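In what follows, a structure is listed as structure tokens, so that the remarks can point back to it.
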Amino acid sequence: MSRGQGRVFRPTWTANGVKHTAKTWWLDYGVNGKQHREPANTKKRGEALELLRKRIGDRRAGKLTGSPDRVTLHELRGLSEKQYELDGRRSTRRLKECWGHLEGFFAAESRVGDVTTIRLDDYAASRLKAGRSRQTVNNELAALRRGFKLAIEKGLLATMPVFKLPKVRNARSGFFETGDLAALELELPEDVRPVVRFLVLTGWRVSEAMGLTWAAIDWDDQGENPGEPITGPNASIRLHGGQTKGGEARVFPFASAEPLKVLLEQQWAKRSGVLVFHRDGKPIRSFRRSWESAVRKAGLEGRLVHDLRRTFARDMRRAGVSEGEIMKLAGWRTRSMFDRYSIIAESDLSRAVALRFANRQVPAKTVPAATPSDSLTSSDLTTPL
């Protein structure tokens, strides 16, 4: 392009006395007295020039704002954390962990223009080499991608690098049988057992159980003494949207769920404070170590707390409960998420086959003797037994 219309270039740097040249092109141009420099995210000079013309035209027309050579990675982090607070999200701890790893690799004060697709690949390779799972790396990159999108929404940036997050097929298939749960409970600390029982009976998430308060328990009736609850026919546990991960209110009737009713009554008898599950009146922040120790001693090593949620879905399906009702009770918002947990065990498949062929024996005289020349045809496959 002519002088004054900007340029495309490939950055160079020297490392250990060796000069290096980037493989992708960058744009450098000025509009209305402001200089802009940003990655073109292409290895082809022609594509970079075409993008340069478009950027200049869009900026002159007021379609684009912001400049990647002035925004830092730490500013993207600030946007993300602030938006989490505004949205009332409760997973800020995990978000901060993701950004901690990102800033550790890219440097907090680095310019976002330095975060190219090649550097994103370098980050993924580094984390995988450190032993992190593909899904963990995807979550971290997704946090960075969200930061870029927020910067564009706020007018701080005009573009962002391309994020490619490979789909991970890591749905687990672990279930707990009755004997497994009995063995596990024997190894759990006394204050953790009620929490695990509750998770088995409701399929709820750990965070929802740990934060459950007595205000969420609707006993439906009152006893003769003030404050003494009696479980009525409409007794239920009710959570408002701010108490669930999906942000949707939930109701779990328990009047006819005898084990759950007994569990809640037992917890009421030893209540201490507003929390249903507690440790000497104080919140149970985590029982990860207790869980890991218990599953190891019970011979169930490798089992996750989340497998209790999967077990709930399986048991409800066995009982003939519809998938829609299971999703409502346990808080699955989408069918795709439910499908990750609602995995049918092999024993269920065996029962399904047995049910299909039960009492449908074909009399021996109607089945001709097979010969070496006999072959199966499409009509054989469709003929009723």
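Coordinate-derived values only; no laboratory data. All values derive from a computational prediction rather than experimental measurement. Here Cβ is always computed from backbone atoms with ideal geometry, including for glycine, and neighbour counts include all displayed protein chains.
List of remarks:
- Amide hydrogen proximity for R70: with H placed 1.01 Å from N in the peptide plane, no residue at 5 or more positions away or on another chain lies under 5 Å.
- Modelled FRET efficiency - R0 25 Å, K23 with L304, Cβ distances, 0.05 increments: 0.05
- The fewest-to-most ranking of Y123, Y84 by surrounding Cβ atoms within 10 Å reads Y84, Y123.
- Options A255, I230, F312, ranked by Cα towards positive dipole end of segment 178-346, top entry (Cβ charges): F312
- Cα centre as origin, Lys/Arg/Asp/Glu Cβ charges: segment 178-346 dipole, Debye: 740 debye
- Gain on full stretching of the segment that runs from D191 to R89 - 0.36 nm per residue minus C-alpha separation: 33.9 nm
- Restricting the GluC sites (Glu not before Pro) of segment 269-338 to loop positions (DSSP other than H, G, I, E, B) with no more than 12 neighbouring Cβ atoms within 10 Å leaves E301.
- Relative to the current alpha-carbon distance between A125 and H240, full extension at 0.36 nm per residue lengthens the span by 37.3 nm.
- Charge dipole of segment 91-179 (Cα centre as origin; +1 on each Lys and Arg Cβ, -1 on each Asp and Glu Cβ, all else neutral): 260 debye, rounded to the nearest 20.
- Cα-Cα P(r), segment 5-137, percent of pairs per 5 Å interval: 2, 9, 15, 17, 17, 16, 12, 9, 4, 1, 0
- Amide H contacts under 5 Å for T213: V276, restricted to partners 5 or more places along the chain or on a different chain, H placed in the peptide plane at 1.01 Å from N.
- Segment K154..R45, full-extension length gain: 36.2 nm, with 0.36 nm per residue of separation and the alpha-carbon distance subtracted.
- The order of L308, L355, going from fewest to most other C-beta atoms within 10 Å of their C-beta, is L355, L308.
- FRET efficiency for E97 and E292, using Cβ-Cβ distance with R0 set to 25 Å, rounded to 0.05: 0.80
- Table column - 3J(HN,Hα) (Hz), segment 93-109, Karplus curve with 6.51, -1.76, 1.60, x for Gly and Pro: 4, 5, 4, 5, 4, 4, 5, x, 5, 5, 6, x, 8, 8, 6, 4, 8
- Amide H contacts under 5 Å for H36, placed H, 5+ residues apart: Y29, G30, V31
- V321, V18, V196, V71 arranged by Cβ crowding within 10 Å, fewest neighbours leading: V18, V321, V71, V196
- Segment 182-328: translational diffusion in µm²/s, Stokes-Einstein, Kirkwood Rh over Cα pairs, 4 °C, 1.567 mPa s: 80 µm²/s
- Charge dipole magnitude, Cβ of K and R +1, D and E -1 - segment 215-313, Cα centre, debye nearest 20: 800 debye
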